Amino acid sequence: MKHVVTVLLALPLMAQIQHEEHLTVVYRQQDFRMTEGDGTVLVYDAAYFARFEPFSVGDMLKRVPGISGNADAGEFDHPQMRGLPPAYTQILINGQPIPGGNDRTVAVNWIPADAVQRIEVVRSSNATQSAEGIAGVINIVLRDQPGACHTEVTTNLNTTDSDGETHPQGSFSHHINTSNTDVAIHGSYQQRHNPKHQTSDIVTADDEQIFKDETNDHDADESHLNLNLAYRYANHASLKLRGFYHHTDRTDMENSSYFIDQEFDEGEFDEEQQDRTRLGLVAQWEASYDSGRWDLAVTASNTHLDRRASFGTFDASEREEEAFDIEDTKHKLSSFRASWESPSWGHQQFEAGILVHTQTRDSGLKNYEIDDEETVLVGDAGVYRLKEDRVDAWLVHHYRTPTWQLESGLRAERTDWSHRDRTQTQWYPSFHARIPLSLGSMRLSVARTTRRPDFQDLVPHPRFNEPRDDDTTIGNPQLEQEQAWGADIGLERNLKHGFLGIQFTYRDIHNLIELTQLDESLFQPQNRENARMWGIDFDASTALHALNAPNLSVFMSLSWQDSEVRDLYTGQNRQINLQSDYVMNLGFLQAFPRHHMSLGVNYLTQGNSSDLEALERASIQFGDDLEAVFEKQWGDKWTMRISAKNIFDASRTEKITSFVGLRDLSEVEQISFESERATRAYRLSLRAIF
């Protein structure tokens, strides 16, 4: 079954099932199993990822089967489920949506791995969840279960082999338990450093050959804080308060040197500084009565981005700033949720609820040019205010026997947009089943889901120099949501010391949004085509007891995926943008119990992808990735890990073909071959529990 066992390199534990509809990935002394449930949610405890000492949630997710990425070398920021673009995957924190970018995507590399309690992967949404997430939903649950009273302290030193710089990272967590009160606090600080090097060979239409040499340094100081409070009273009710704060101070410095006939021609720089603050808060009341279980929750989250990007040229003697962007963007979300879960009546149970949700995005992006030492405003299409108000309601019916589990539901979402003078109501049915078989079980899911348009695409302001210089893109406030029907069928079998699973996935997407050419230099996003996506996922893992090697565990996961959409301009069928052909994880974990040590290796490879956007077509190839970790424990309190990442020094290469006009893709303007490398990274980690 998909998302079952990829990097089975985790601390020995038995993960607990909190809800019957969850499938929990279990690790216990190299024995791997899939627990019972209806299969709509897979739960990965933090210990599942811990052996490889991940830096961030991005490092954690790339070890989950079927999840790929398309970021620059050495980074993993926007996960792609089923190979579909990041906008098709919904990211939640503590079960709640958080503000994202203009395209509604949420980067995950800012969330430190130490702050995570577990990650839940929703393969197919049910009616109790928002219908967004055509590819699926990833819910990142921050530390919220105190358990036994204790304090945990971690210190890390990170370095790279390109420049040898050392950057510290540290975290702490403190848990307090009383008879009716739980308190958990977690804080961390880290310095991130990712130096990259890119080379490009460019051939123009008149056979001019240009060589580009680029360096890119990414540096960030990040602070993170979680706070979770829970108070139980009257033996049947509880109050919970969850909150997080995150601050990033980031600098990206890019320098590009251009050479013609091996002679230096010019240099360009792109320097960006950003200050970003994220806040999230959830207040929740839960109570159980004879009439059922009641749940009320109020949520609020906010992101504030203050950014300045500077562009210019340089030579051997001076640097000259020629243009700059200034952005001051605020994005706020708030909601009220009320739900009810009935008592069990025989084999049947019902759920119902309502959600009132609002979000406001105040974007403040302005573009300036410097002309004869005078600053000139050349674009303010990035200045806009959008508001979405939504009211959702749902009803779910469960039918459960000791072997069969059936769930059917219906969700209604009524949306009111500030840029339109009308509201819209959409209906989203879903059905999930777990069916016993003689050699295992089968899981079946059918659901209707959606993707909402990018914020900026809804604003009817002209965006100059997009998609390229001298072109203009204008937003379309009449864009409709993309809608999809999806089906997932999985077969699984628990072995004595392992697991085998296979899953088939299909998505039928309607109202696909693509950039459309209106005339020679005017473009607009429009609902144009339909698309189909399908794939197969295979997972296998076992401890090698049969070979008298019970302390050696091996695992493999392979996801193959494909899609089809008719190209607007060529009339031919092609894949959906950014979808890799396959993703594979392969590795082992060798434990040495007598010495309290272990060694793990994880190999990751990802197929090629392509990206056709307006006047450019890119073919993208990813290098193979290898990671290794050595662990030593002293008693129950001290753990040391030494990890190495990107051992193969993997590269990301692109062939980019630029066309003169989108309507005639036969006339090529230039072709560039780009190769980008990050660097090997190493970490020394020491963790103590008191």
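The values are calculated or read from the model by the stated rules, or taken from the named source; none is laboratory data. In this text, all values refer to a predicted model and were calculated from it rather than measured experimentally. Cβ placement follows ideal geometry from the backbone for every residue including glycine, while neighbour counts extend to all protein chains displayed. Protein only, heavy atoms only, side chains kept; ligands, DNA and RNA dropped before computing areas. Shrake-Rupley method; radii C 1.70, N 1.55, O 1.52, S 1.80 Å.
General observations
- Cα extents of region 200-239 along the three principal axes, largest first (Å): 80, 24, 8
- Rg and Dmax of region 254-366, based on Cα coordinates, read 26.7, 82 Å.
- Counting heavy atoms of the protein chains alone, Trp285 has an accessible area of about 60 Å² for a 1.4 Å probe.
- For region 302-441, size of Cβ-based charge dipole, Lys and Arg +1, Asp and Glu -1, in debye: 1760
- Considering only the chain, percent of DSSP beta bridges that pair antiparallel, nearest 5: 95
- Estimated translational D of region 408-457 in µm²/s (Stokes, Kirkwood radius over Cα pairs; 25 °C; 0.890 mPa s): 175
- Every helix of 4 or more DSSP H residues in the chain counts as -39500 (n - 2.57), and over all residues that averages to 0 deg cm²/dmol at 222 nm.
- Per residue solvent-accessible surface (Å²) - region 348-438, probe of 1.4 Å: 51
- Among the protein heavy atoms of region 147-277, carbon and sulfur supply 51% of the accessible surface, probe 1.4 Å, non-protein parts ignored.
- Per residue, region 111-265 exposes an accessible area of 42 Å² to a 1.4 Å probe, with every protein chain left in place.
- Relative contact order (%) - the chain, alpha-carbon pairs under 8 angstrom, separation at least six: 13
- Region 508-586 versus region 225-297: alpha-carbon centroid distance in Å: 27
- More than 20 angstrom apart: percent of Cα pairs within region 346-448: 64
- Beyond 27 Å in Cα-Cα separation lie the following of the pairs Lys212/Lys366; Lys62/Lys632; Lys196/Lys637; Lys196/Lys632: Lys212/Lys366; Lys196/Lys637; Lys196/Lys632.
- Sequence-separation-based contact order of region 325-481, relative, with Cα cut under 8 Å and 6+ spacing, percent: 15
- Sequentially through region 100-112, phi angles give Karplus couplings (6.51, -1.76, 1.60; θ = phi - 60°) of x, x, 4, 8, 6, 6, 10, 6, 10, 6, 8, 8, x Hz, Gly and Pro residues having no value and appearing as x.
- Alpha-carbon geometry of region 552-606: the Rg and the Dmax are 19.5, 65 Å, given in that order.
- Furthest towards positive pole of dipole, Thr154, Phe76, Asn139, structure part region 39-187, Cβ charges: Asn139
- For region 103-197, fraction of C-alpha pairs farther apart than 20 Å, in %: 58
- Reported value for region 567-690: 128 Å³ per residue, from the convex hull of its C-alpha atoms.
- With the whole protein complex present, Asp567 retains an accessible surface near 0 Å², based on a 1.4 Å probe.
- Rounded to whole numbers, the Karplus 3J(HN,Hα) couplings from phi for region 195-205 are x, 10, 9, 10, 10, 9, 10, 10, 10, 8, 5 Hz, using 6.51 cos²θ - 1.76 cosθ + 1.60 with θ = phi - 60°, and x at Gly and Pro.
- Long-range Cα-Cα pairs in region 380-426 (distance over 14 Å), rounded percent: 66
- Bridges between two residues of region 596-690, per DSSP, are antiparallel at a rate of about 100%.
- Normalised Debye scattering of the chain at q = 0.12 Å⁻¹ gives log10 I(q)/I(0) of -1.57, counting only Cα atoms as equal scatterers and leaving out solvent.
- Relative to the Cα centre, the charge distribution of region 442-530, modelled as +1 at Lys and Arg Cβ and -1 at Asp and Glu Cβ, gives a dipole magnitude of about 920 debye.
- Where N is the number of residues in region 463-507, Cα Rg divided by 2.2 N^0.38 Å: 2.43
- Averaging 1/r across all pairs of distinct Cα atoms in region 73-143 and inverting the result yields a Kirkwood radius of 12.5 Å.
- Alpha-carbon centroid distance for the pair region 308-373 / region 150-210, whole angstrom: 22
- Here the chain is assigned +1 on the Cβ of each Lys and Arg and -1 on the Cβ of each Asp and Glu. Its dipole about the Cα centre then comes out at about 5460 debye.
- When every Cα-Cα distance of region 310-388 is counted in 5 angstrom steps from zero, the calculated P(r) takes the values 3, 11, 13, 11, 9, 9, 7, 7, 6, 6, 5, 4, 4, 3, 2, 1, 0 percent.
- Counting heavy atoms of the protein chains alone, Leu552 has an accessible area of about 40 Å² for a 1.4 Å probe.
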